[in-house]
Structure formats: C-alpha cells, structure tokens
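So the structure is just underneath, and the comments pick up after that.
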There are 2 protein chains.
Amino acid sequence: MGEVLVDVIAAGICETDLQLAEGYMGFSGVLGHEFVGMATSGPFAGARVVGEINCNCQECSRCLAGLGNHCANRTVVGIHQHDGAFADQVAIPQTSLHLVPDSVNDDQAVLIEPLAAALQIQQQIELSKVQNAIVLGDGRLANLCAQAISQQAKDILVVGKHELKLSRFRRLGIKTIQLTDLVCEKDFDLVVDCTGSVTGLPLALQLVRPRGTVVMKTTVAADHHVALAPIVIDEINVVGSRCGPFGLAIESLQAGQFDLSGLVTHRFALEEASKAFQVAVDPAAFKVVFDVANSSNR
Amino acid sequence: MGEVLVDVIAAGICETDLQLAEGYMGFSGVLGHEFVGMATSGPFAGARVVGEINCNCQECSRCLAGLGNHCANRTVVGIHQHDGAFADQVAIPQTSLHLVPDSVNDDQAVLIEPLAAALQIQQQIELSKVQNAIVLGDGRLANLCAQAISQQAKDILVVGKHELKLSRFRRLGIKTIQLTDLVCEKDFDLVVDCTGSVTGLPLALQLVRPRGTVVMKTTVAADHHVALAPIVIDEINVVGSRCGPFGLAIESLQAGQFDLSGLVTHRFALEEASKAFQVAVDPAAFKVVFDVANSSNR
C-alpha cells in the first residue's frame with residue numbers, strides 16, 4: 001500500500017527534534033514526527049489522522065516477526081530518510097495511519113505519538129509488580145510517562161530541576177522532588193530516565209535497587225562517559241524503550257485516562273520555526289506546536 | 001552464626017583479581033575469592049568446602065527479601081572489606097560454606113565460584129527461548145558461560161582474539177570465530193559480554209538484535225565511553241549478572257554437565273604470587289591457581 005498525503009493540522013516539537021537539529025543521526029530534511037492532520041486520499045480521506053513514525057518494509061525477517069518498528073529497512077518520519085510534519089503536508093504510508101476519534105481534540109492528538117511511547121513502558125515492564133518508581137526529568141515525555149506509570153505502579157515520584165515544570169505533575173496528584181533534595185539510597189524498583197541527558201543513567205544507577213529496572217526512555221546524541229560496573233554489581237536490568245502502541249494511546253485518551261489539558265503551551269506558524277525551537281528549550285514551555293492549519297496559506 | 005577458619009587447599013586467580021590489583025574498588029587486603037579448603041571447625045569440620053563470597057548481615061531488608069548477595073552491609077571475600085583466600089587460611093561465615101562432594105576434585109572445586117556465576121545467567125534469562133547466542137571473550141569465565149548457555153540455548157558462538165583459547169571451546173563442541181572475522185548484523189537473541197573490557201558493550205550493541213538481550217557478565221574498573229542510544233533505539237535489554245547459585249553449580253558438576261578438565265593450566269605457591277599474576281594475564285594461561293595445600297608450611 002502506498003503513501004498518503006496528509007494536510008498537517010498541528011505538529012509538536014519533541015526533545016528528539018532539538019537533538020536532531022544539533023546533528024543527532026545526521027538527519028537532513030524536514031523535521032517533525034508528532035502530528036495530527038487530514039488524510040487527502042485513501043480509506044481515511046477527509047478524516048483526521050495521526051501516523052506512526054516507523055515506515056517499514058513489511059517484508060524483512062523483523063517485520064515478519066512482528067518487529068516492524070525495528071525493520072532494518074525502515075525510514076522514520078522526520079528522523080531518518082523520510083521528511084517530517086513541520087510542513088503543510090507530510091507523506092505517510094497508509095498502513096501507518098490511525099483515525100483520530102471525534103472525542104480526541106487536536107491538542108490531544110498531537111501528543112498521541114509521545115503518549116504511545118510512554119505506554120510502551122507497560123508493554124515491557126510488569127508495572128503491577130512495581131512497588132515504587134521514580135521518573136527522572138520534568139519535561140514533556142516525563143509527564144506522559146509518569147501518568148502512564150501511575151496508572152499501574154503503586155508509588156511514583158518525579159525528580160526534576162524546574163519548579164514550574166514540577167508543579168504540572170503535582171496538579172495531577174503525582175509527587176515531585178527537586179533534584180537537589182534527592183537522597184540516593186538504591187531503593188527504587190523502577191527508574192525511568194526521561195532526562196534526555198547523559199547525566200540520567202549515572203543518577204538512575206544510584207537510585208535503582210539491586211535487581212531493579214532502569215528504563216532508558218530518551219535517546220542522547222552524545223556518547224556516555226559512565227561507570228557501568230554498578231549494572232553488574234547490582235544486577236540491574238536496563239531496558240531501552242522507544243515507540244509504542246498508537247491504538248492503546250488513542251483508546252486511553254478516549255477513556256479519559258490521561259490529563260493532557262494545558263500541555264500545549266505555545267503555538268507558532270511554520271514561518272516562526274526558529275523562534276519555536278528557541279522557546280521549546282525554555283523550561284517555561286511545555287509542548288510547543290506548529291499550528292499549521294491556522295497559519296498556512298492553503 | 002560465626003565464621004569458620006578454612007585451611008585453603010587451592011585458590012584461583014580471576015579477572016576481577018587482576019583488576020583489583022590495579023586499584024578497582026580500592027580494595028586493600030588479601031585477595032582471592034575462588035577457593036576450596038578444609039573447614040577447621042563447625043558442622044563441616046574436617047571436610048572439604050567452598051564458600052560463597054558475599055558475607056551478608058541476614059537482617060536488613062534486602063537479606064530478608066532474599067537478596068542476600070546484595071546486602072547493603074555485606075563484605076565480599078577478597079574483594080570488599082574481607083580478607084580473601086590467597087593465604088594459608090581464610091575466615092568464612094558458616095552460612096556461606098558448601099560441602100564439596102567426593103566426586104568433585106580440587107581442580108573442579110576451585111572453579112565452583114565462577115561456575116555458579118556462569119549459571120546465574122540461566123536464573124535471569126529464559127535460555128530455552130534463545131535461538132542464537134554469542135559469547136564475547138575467550139577467557140576463563142567465557143568458557144564456563146558458554147558451557148552453561150550451550151546446555152539450553154539452541155545455537156551458540158564464541159568470539160575471541162586468541163586462537164589457543166578459542167581451541168579450548170572447539171574441543172567442547174562449541175563454535176568459535178576470530179574477532180577480526182566477525183560480521184555485525186544485529187541478529188543475535190543473546191549476547192554475553194565476558195570480555196572484562198570497555199570494548200565489550202559497544203560490540204555487544206552491534207551484535208544484538210532489536211529487543212534482544214545483552215548480559216554484562218564481567219565488571220570493568222574503568223569508566224565506559226560509549227554511545228548508548230542503540231539501547232533505546234533497538235529497545236535492548238541489558239542485564240547485569242554477578243554471583244550465582246553454588247548449590248546448582250555443585251549439582252551440575254556431580255551430574256557431569258561441565259567439562260572442566262585441563263582448565264587449571266598453572267600452579268604456584270603463595271610465595272610466587274607476583275609470577276602467578278603475570279602468568280594469569282598471558283593468553284596461554286587458562287586458570288592459574290595457588291596450590292596452597294602442597295606448598296604451605298603447615
């Protein structure tokens with residue numbers, strides 16, 4: 001099945017975009033992999049859609065084994081050899097598209113991609129067995145991960161540096177702590193690193209209990225310079241976690257299981273891309289989106 | 001229960017000893033944590049024993065949770081705040097001792113500690129689901145790990161640098177490949193890093209398939225300088241693995257499941273420690289032991 005042109009309604013800036021803009025993955029092309037748009041052709045023509053970002057070949061051994069997100073021949077929308085959604089239109093394989101229900105608004109829909117990534121954790125880790133979890137980082141993905149984990153894990157804490165960002169968690173009933181107040185006693189069953197920083201893993205290894213689990217949720221462009229002996233000594237399980245189930249994310253939004261209100265804090269036209277990227281690194285910003293439908297010339 | 005003085009019969013030099021001698025863990029004291037000896041008191045008095053290396057408090061929350069090997073108050077024989085077995089006698093908690101059956105000879109018994117460590121992998125990973133595994137490293141622990149894994153995993157390959165060491169695997173019916181001939185196609189279900197080198201993990205991440213498992217079996221004193229983004233992108237499971245079940249190791253030896261013949265290649269008196277350590281780093285050596293019973297003045 002071929003690609004469908006999607007008229008972009010809105011597209012969000014992700015931490016990965018900031019790293020790609022600095023040279024991560026050597027990507028050259030149009031950025032943007034979190035989006036909602038209107039399909040212009042195919043079975044979803046005229047309807048709102050979101051799109052999975054891994055465009056796989058559906059033929060290789062990984063695809064046939066159900067690991068389509070890890071297809072060796074894949075392109076990745078806005079990340080690897082496939083132009084992304086910071087544009088009026090984006091081309092997406094029909095097989096990657098999901099319909100957006102009417103009950104999910106555009107601001108929610110633009111967060112389905114990162115929400116699916118947050119929900120990937122519960123596909124990999126048996127959260128019901130987790131007594132206490134800590135999320136490292138107070139940003140966009142951390143917020144979605146904390147909400148996802150708090151649905152199943154008994155006790156969850158979020159550590160960050162920015163009071164404004166941390167307050168967003170407390171409004172959701174999630175406990176927070178400033179990094180400077182954190183005491184490392186190696187007593188967390190689960191540590192989820194959403195820092196997007198090379199400082200995340202060393203801190204995680206100081207927090208996780210022996211035989212506990214560290215989920216690496218954010219990619220870091222830079223090399224790590226880190227003592228990994230604690231992984232062996234404490235027999236830690238380090239789990240890399242990337243893209244997640246769009247279907248589950250959409251169902252969770254329909255069921256009202258996530259509070260995404262107020263998470264989109266800034267809106268820009270595509271022409272304001274440079275300013276938008278500047279704002280996206282500001283702690284006062286949460287999700288910065290390109291409001292394409294209301295600012296394009298189409 | 002108190003400690004028992006054990007008359008050391010033989011004690012082996014491990015990769016960790018070589019790293020400790022170079023400053024790893026800042027240990028100061030008598031090295032040696034792989035040994036067989038004769039208990040001088042307690043219920044095993046006069047009998048041959050081996051000893052687990054983690055001396056735990058049996059009172060803290062980790063001990064009570066069955067994680068005695070991770071007791072926060074533990075000392076570790078020959079590694080951390082507890083003198084080891086490169087001596088005529090070593091003091092070991094009675095609760096850490098295991099009787100050595102008559103059918104297990106001294107050369108086998110001195111390898112029970114690393115054999116238990118090798119068997120720890122099957123406590124952590126469901127090996128029967130592993131289609132293909134690769135062991136990185138051709139040394140002492142790699143040999144035991146390869147034997148342990150080959151009992152359950154369908155297909156196993158060992159990669160190393162030393163033809164002489166690799167030939168020891170082939171004699172056991174285990175396939176080998178020279179590092180220079182290795183093609184990295186990210187297609188192994190399981191990669192076990194026994195290199196004791198910072199080069200092990202980056203290589204492992206080039207070999208493991210997406211959603212596959214990397215077992216870190218050897219500690220490395222040095223910091224790693226490594227790109228860890230592949231762990232996230234390929235959703236790899238990195239599992240630290242340390243000490244293992246002595247009881248299972250002893251049973252496996254009794255059942256003849258491991259071929260340890262010829263693994264002890266060099267024997268020295270304690271007085272020859274400096275020479276013994278030099279030989280232990282030589283690729284031509286396999287297991288170097290202090291033959292204490294036959295060389296001491298007692």
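The values are calculated or read from the model by the stated rules, or taken from the named source; none is laboratory data. Here the structure is a predicted model, which means the values were calculated and not measured. No Cβ is skipped: glycine too gets one built from the backbone with ideal geometry, and neighbour counts run over all protein chains shown. Ligands, DNA and RNA are stripped out before the accessible areas are found, and what is left, the full protein with its side chains, is counted by its heavy atoms. Shrake-Rupley method; radii C 1.70, N 1.55, O 1.52, S 1.80 Å.
The distance from the alpha carbon centre of region A:78-151 to that of region B:176-238 is 28 Å, rounded to a whole number. Annotation: A:ASP259 carries an accessible surface of approximately 70 Å², with a 1.4 Å probe and no ligand, DNA or RNA atoms counted.
Sorted shortest first, the distances from the A:ASP181 label point to those of the same residue in the other copies are 6.1 nm; each point sits 7 Å from Cα along Cα-to-Cβ. Given R0 = 41 Å, the distance between the Cβ atoms of B:SER128 and A:GLU163 translates into a calculated FRET efficiency of 0.20. Position B:HIS162: other-copy label points at 5.2 nm, ordered by increasing distance, label point 7 Å along Cα→C-beta. The phi-based Karplus calculation (6.51 cos²θ - 1.76 cosθ + 1.60; θ = phi - 60°) puts the 3J(HN,Hα) values of region B:290-295 at 8, 8, 5, 4, 8, 10 Hz, whole numbers, x for Gly and Pro.
Please figure out what share of the DSSP beta bridges in the protein assembly as shown is antiparallel and state it in percent, rounded to the nearest 5. The antiparallel fraction comes to roughly 50 percent. The spread of Cα positions in the protein assembly as shown, taken along each principal axis and listed from longest to shortest, comes to 94, 49, 35 Å. Among A:ASP189, B:ASP107, the order of accessible area from largest down is B:ASP107, A:ASP189, computed with a 1.4 Å probe on protein heavy atoms.
Only Lys, Arg, Asp and Glu carry charge here, each on its Cβ (+1 for the first two, -1 for the last two); on that basis chain A has a dipole of about 500 debye about its Cα centre. Using a 7 Å projection from Cα along Cα-to-Cβ, the label point at A:GLU271 is separated from the same position in the remaining copies by 9.1 nm, smallest value first.
Give the relative contact order (percent, whole number) for region B:191-250; include only Cα pairs under 8 Å separated by 6+ residues.
Details: 78 pairs, mean separation 21.3, N = 60.
Once divided by the residue count of region B:191-250, the mean separation gives 36 percent.
Comparing the full protein assembly with the isolated chain (1.4 Å probe, heavy atoms, ligands and nucleic acids excluded), the residues of region B:32-71 losing at least 30 square angstrom of accessible area are B:ARG62, B:LEU67, B:HIS70. Distance from the axis that maps chain B onto chain A is least for the Cβ of the chain B residue given, with the whole Å value, as B:VAL238, 2. In this structure, the amide hydrogen of B:GLY78, modeled 1.01 Å from its nitrogen in the peptide plane, lies closer than 5 angstrom to those of B:ASP83, B:GLY84, counting only residues at least 5 positions away or on a different chain.
The string of couplings for region A:167-176 from the Karplus curve (6.51, -1.76, 1.60, θ = phi - 60°) is 4, 5, 6, 4, 4, 8, x, 9, 5, 9 Hz, one whole number per residue in order, with x for Gly and Pro. Counting alpha carbon pairs within less than 8 Å and at least 6 residues apart, what relative contact order, in whole percent, applies to region B:1-154? Relative contact order of region B:1-154: 26 percent.
The calculated FRET efficiency for B:GLN254 paired with B:SER28, based on their beta-carbon distance and R0 = 51 Å, is about 0.85. Backbone amide hydrogens, once placed in the peptide plane, bring B:ILE134 within less than 5 Å of B:LEU157, B:LEU190, B:VAL191, B:VAL192, excluding anything fewer than 5 places away on its chain. Taking θ as phi - 60° and the Karplus parameters 6.51, -1.76 and 1.60, the scalar couplings of region B:217-225 work out to 9, 10, 7, 10, 5, 6, 5, 8, 10 Hz in sequence order, x denoting glycine and proline. Check the straight Cα-Cα distances from A:LYS287 and name the lysines below 19 Å, setting aside those fewer than 8 residues away within the same chain. Leaving aside lysines fewer than 8 places away in the same chain, those within reach of A:LYS287 are A:LYS161, A:LYS165, A:LYS217, A:LYS275.
Across chain A, the relative contact order, built from alpha-carbon pairs under 8 Å that are at least six residues apart, equals 19 percent. For the protein assembly as shown, a crude dipole built from +1 on the beta carbon of Lys and Arg and -1 on the beta carbon of Asp and Glu, taken about the Cα centre, is about 440 debye to the nearest 20. Accessible surface buried by the A/B pair amounts to about 3200 Å², both sides summed, 1.4 Å probe.
Give the ranking of B:MET25, B:MET38 by solvent-accessible surface, highest area first, calculated with a 1.4 Å probe.
Details: B:MET25 90, B:MET38 70 Å².
Highest to lowest solvent-accessible surface, that is B:MET25, B:MET38.
State the extension gain, in nm to one decimal, for the chain segment bounded by A:CYS184 and A:ALA45, taking 0.36 nm per residue of separation less the distance between their alpha-carbons.
Numbers: separation 139, 0.36 × 139 = 50.04 nm, distance 5.28 nm.
Residue separation times 0.36 nm, minus the Cα-Cα distance, leaves 44.8 nm.
Under a point-charge model restricted to the Cβ atoms of Lys and Arg (+1) and Asp and Glu (-1), what is the dipole moment magnitude of region A:187-298 relative to its Cα centre, in debye to the nearest 20? Taking the Cα centre of region A:187-298 as origin, the dipole is about 220 debye.
Given only helices, namely DSSP H runs of n ≥ 4 each adding -39500 (n - 2.57), what is the per-residue ellipticity at 222 nm of chain A, to the nearest 500 deg cm²/dmol? Before the final figure, lay out each step's value.
On the way: 10 runs with 77 residues, N = 298.
Result for chain A, helices only: -7000 deg cm²/dmol.
Once the partner protein chains are put back, region A:199-214 shows a loss of at least 30 square angstrom of accessible area, versus the chain by itself, at A:PRO210, A:ARG211 (probe 1.4 Å, ligands and nucleic acids excluded). Only protein heavy atoms count here; under a 1.4 Å probe, B:TYR24 has an accessible surface of about 30 Å².
Averaged per residue, what accessible surface does the protein assembly as shown expose to a 1.4 Å probe, in Å²? If you can, show how the numbers build up before the last one.
On the way: 23400 Å² over 596 residues.
Solvent-accessible surface per residue comes out at 39 Å².
Here the label points at B:LEU18 and A:ASN294, each 7 Å from Cα along the C-beta direction, are separated by 6.6 nm in the simple model. Between A:SER241 and A:MET216, the built amide H atoms are under 5 Å apart, and every one of these is 5 or more places off in sequence or on another chain.
For region A:118-240, the C-alpha radius of gyration divided by 2.2 N^0.38 Å, with N the number of residues, is 0.96. Considering only B:LEU172, B:LEU203, B:ASN237, and ranking their Cα positions along the charge dipole of region B:118-240 that arises from unit charges at the beta-carbon of Lys, Arg, Asp and Glu, the one farthest toward the positive end is B:LEU172. For region B:163-298, the average shadow cast by the Cα convex hull is 11.1 nm², which is a quarter of the hull's surface.
Using heavy-atom solvent-accessible surface (probe 1.4 Å) with all chains present, what is the largest-first order of B:THR218, B:THR95?
Details: B:THR218 15, B:THR95 70 Å².
These residues rank, largest area first, as B:THR95, B:THR218.
A simple spin-label model places pseudo-atoms 7 Å from Cα toward Cβ; at B:ILE177 and A:ALA91 they are separated by 3.7 nm. For chain A, the equivalent ellipsoid built from the Cα gyration tensor has semi-axes of 31, 21, 19 Å, listed from largest to smallest.
Taking the protein heavy atoms of region B:118-240 in the context of the full set of protein chains, the accessible area attributed to carbon and sulfur is 50 percent at 1.4 Å. A probe of 1.4 angstrom, applied to the heavy atoms of all protein chains, finds A:LEU141 with accessible area near 40 square angstrom.
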